[in-house]
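The values are calculated or read from the model by the stated rules, or taken from the named source; none is laboratory data. Computed from a predicted model, the values in this text were never measured in an experiment. No Cβ is skipped: glycine too gets one built from the backbone with ideal geometry, and neighbour counts run over all protein chains shown.
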């Protein structure tokens, strides 16, 4: 008996949603019948309260495709009428990823998240903490003669972001800081004076901005992370090198945020101890 009631309820919901989709898209019974490959009388039976029936899966799929809605929505299995492909397209995007924070897309994400906490695992040192000399050393080989203009634009935008009312949490791997201080690996050839000035810059900004800016350092032998940014509850972005994968659905944002919070929880150096770590690296250099 319960199964019969459930089927009637689902049949009635299907009828109402089919009628709603046809009205919203201004599709007639004849047009829907042609698109679905059935007789007009079949569509009439689907819409008539007295003779309404729940059609087979092939007809449901045909009606859904003709009306641009999901079959699950017509059947009452979801409250979102968009087809799955449209939902995925809205919740996930892949964009080209320039190396520096000069990209309009990245800056747009920061503006959108103004006032929210931003969680960030950078690919190298955080761009917003870099000296001009550091930016030039990193980006001139890639950007060539346009580097000066690009770095100037980057500085303007970073200044805007510092005044946007967002809290920043940054998680850095310890090996990245050590490689930077010792000019090893990626930082091979970085002049000693540039490294000293860069450490001084990070100490200065940390003193100015803490606790709105909090930098944690984790040991990558114990925990690991790809470069990523979580823009409050709005967006989570993973950096692949040539591309950014951006997620807007709540479940994935929450999952990536939980990953970042795990890095913070397992950090080898807490934010309050970051200046002491920098001072130790400076002492090595000096």
Just a yes or no: is a residue in the range 204-212 without any contact (Cβ under 8 Å) to a residue 12 or more places away in the chain and assigned by TED's automatic domain parsing to the domain that holds residue 175? yes
So the check is Cβ under 7 Å with 6+ separation or different chains; which pairs have a first residue in the range 246-257 that's over 10 Å from residue 235 (Cα atoms) and a second one that's modelled with pLDDT under 85 and not in a helix (DSSP H, G or I)? none
Residue within the range 186-201 that is over 14 Å from residue 130 (Cα atoms), assigned to a helix (DSSP H, G or I) and in contact with a helix residue (DSSP H, G or I) (Cβ under 9 Å, 6 or more places away or on another chain) present: yes
Any idea which of (1) farther than 14 Å from residue 126 by Cα; (2) under 29 Å from the mean Cα position of the chain (by Cα); (3) at pLDDT 95 or above is the one residue 196 doesn't satisfy? (2)
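Filter the range 21-34 down to the residues that are in a helix (DSSP H, G or I) and at pLDDT 90 or above and list them by number.
22, 23, 29, 30, 31, 32, 33, 34
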So, of the residues in the range 35-45 that are part of a helix (DSSP H, G or I) and over 42 Å from the mean Cα position of the chain (by Cα), which turns out to be surrounded by the most Cβ atoms within 10 Å (Cβ to Cβ)? 43
Condition check for residue 218: crowded, with 18+ Cβ neighbours inside 10 Å, under 23 Å from the mean Cα position of the chain (by Cα), in contact (Cβ under 8 Å) with a residue 12 or more places away in the chain and more than 25 Å from residue 115 (Cβ to Cβ): yes
Only listed residue being surrounded by 15 or more Cβ atoms within 10 Å (Cβ to Cβ), in the same structural domain as residue 173 (by TED's automatic domain parsing), modelled with pLDDT under 95 and not in a helix (DSSP H, G or I), chosen from 253, 238: 238
